[in-house]
1. How about the stretch 69-109: which of its residues are surrounded by 14 or more Cβ atoms within 10 Å (Cβ to Cβ), small (Gly, Ala, Ser) and more than 23 Å from Ile141 (Cα to Cα)?
2. Just to be sure I understand, how many residues within the stretch 104-127 are at pLDDT below 95 and among the polar types (S, T, N, Q)?
3. Out of everything in the stretch 1-44 that is part of a loop (DSSP other than H, G, I, E, B) and touching a residue at least 40 places away in the same chain (Cβ under 8 Å), what residue ends up being surrounded by the fewest Cβ atoms within 10 Å (Cβ to Cβ)?
4. Restricted to the stretch 85-143, and to residues that are acidic (Asp, Glu) and part of a strand (DSSP E or B), which residue is farthest from Val71 (Cα to Cα)?
5. Only one of Thr121, Thr128 is in contact (Cβ under 8 Å) with a residue 60 or more places away in the chain, within 30 Å of Ala4 (Cβ to Cβ), loosely packed, with under 13 Cβ neighbours inside 10 Å and under 16 Å from the mean Cα position of the chain (by Cα). Can you tell me which?
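The values are calculated or read from the model by the stated rules, or taken from the named source; none is laboratory data. Bear in mind that the values here come from a model prediction, so they are computed numbers and not experimental data. Note that each Cβ is placed from the backbone with ideal geometry, even for glycine, and that neighbours are counted across all protein chains shown.
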Amino acid sequence: MMNALPVSFLFRLEAFIDEPIAISPGPQADRVIVAPTGGVVEGPAFKGEIVSGPSSEWATLRADGTMKADVRLVLRSHDQQYVLMTYNGIAKPDGENLTVIIAPLFETAAEEFTWLNSLQTIGIGKPTEQGIAYDIYQINIPE
């Protein structure tokens, strides 16, 4: 059994977000919808930006105080190629602190980035003044 999860840094993603739309109180849970207004992606093998129009985050605020994130982001690479980044995640506010743990997957037809299609990644995020920033890590398959 492994003592640690083998990961390597993939990129840092900073999303700039607009004012949230709240549906509260909802019949099943409170919902918050957030539209990114843009953002930056910086890593050793992928650099780009968040495309604001088709991207969105749907958050469910659950009775136990946790938040479940359901997110679809369209990324545009530095050379104008598109990558769909989807993820679910969980956040539990701790007073003034909030940490979000996510599990992103990727889809692209861009030949130079098809390696993203086979990755399972994890991310750890914290709020920023303009939105939220995540450090994304790929899980390495042990040999």
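1. Selection gives Ala69, Ser77, Ala91.
2. 0
3. Among those residues, the one meeting the criterion is Met2.
4. Asp94
5. Thr128
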